[in-house]
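The values are calculated or read from the model by the stated rules, or taken from the named source; none is laboratory data. For clarity, every value in this text was computed on a predicted model and none was experimentally measured. Reconstructed Cβ throughout: ideal geometry from the backbone, glycine too, with neighbour counts over all protein chains shown. Surface accessibility is based on the protein's heavy atoms, side chains included, excluding ligands, DNA and RNA. Shrake-Rupley method; radii C 1.70, N 1.55, O 1.52, S 1.80 Å.
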Amino acid sequence: MPSLNARRPRGQRLDPSPSRWSWRMQRLMLTPGFLLLLRVGLPLIAAFSAGTFYFSDPARREVIGETVAEARSSFENRPEFMVHLMAVDGADDTVVTAIREVLPLNFPTSSFDLDLAEIRNRVTELPPVKSATVRIKPGGVLQITVEPRLPVVIWRTAEGLSMVDVTGAHVASLPNRMARPDLPLIAGEGAAQHVIEALEIYRAAAPLGLRLRGIVRMGERRWDVVLDRNQRILLPEVGAVEALERVIMLDSAQDILDRDVARIDLRLGLRPTVQMSQYASDVWWDIQKVSGQ
């Protein structure tokens, strides 16, 4: 076998083809992924390593953090970003006072320190507020626009009197009935959940005028119309408005409500019943006793 170190014979030409490893390296250098690694990956790795080494020192991290905080504070506290006052529109003085109590803001303050979503949530949590919008107006004004809840009835409960809106949501408490004589009165457990039906009954009872004292929710199923002289009209669970209209028509024709009647029971639509007052009942029995003698 010829030696590996044997000299090439004179006149024999060198093989121009690359070696196997040289060929593989050339092919690798032409690969897009390898070129991307050399151009991007290696610089990123080197930069990340240098950054990790630099920030491994706590003192350096503290200095950088203070510098960033000072730069941020200087930017956020520029005059054009400062809020100097709060304005509330769409609410009365009572609601405005309540809003200022739930938003203890110290002005001037940076607009970056104000969480507008949280401010809106706090305002809408107030019972008299239906909805609210919050924005910062030019000139450094925190503008709060309120859509208040409109009370439509007074609800009497064991806890006292409260005004509610058409959805039954609490608006405000009342010291007494005469504080809002313009609003109709409802009572009974669960009455606030049926305000719309109560208003329909009130509209139908309009011909009763000042005799109407209020309506009471009975058993969370139906209504009683309460009149002066302790008279009551017991309405059915279904068709309450129509039943009340029939009674009013009967009263206009025969003045039935002007008599000594304690209650008119309409719960059985085909069999309405009338109950006399205690005084009228006693007088009737006395008459019967005299007639029987």
message: At a threshold of 8 angstrom on Cα-Cα distance, excluding pairs fewer than six apart, so keeping six or more, what relative contact order does the range 101-160 reach in percent?
response: 23 percent
- line: Reported to the nearest 10 Å², ARG267 has, with a 1.4 Å probe, an accessible area equal to 120 Å²
query: In a shell of Cβ-Cβ distance under 15 Å around PRO151, excluding PRO151 itself, what net charge do Lys and Arg (+1) and Asp and Glu (-1) give?
result: +1
- prompt: Can you tell me the Rg and Dmax of the range 91-237, counting just the alpha carbons, in angstroms?
  reply: 19.9, 64
message: If you roll a 1.4 angstrom probe over the protein chains with everything in place, what fraction of the accessible area of the range 196-267 belongs to carbon and sulfur, to the nearest %?
response: 50 percent
query: What net charge do the residues around VAL123 carry, taking every other residue with its C-beta under 13 Å from that of VAL123, with Lys and Arg at +1 and Asp and Glu at -1?
result: 0
message: Give me the percent of accessible area attributable to carbon and sulfur for the range 121-173, probe 1.4 angstrom.
response: 55 percent
message: Before I look further, what does the range 188-257 give for accessible area per residue, probe 1.4 Å, in whole square angstrom?
response: 51 Å²
Solvent-accessible surface (1.4 angstrom probe) belonging to PHE112, in square angstrom, nearest 10: 100 Å²
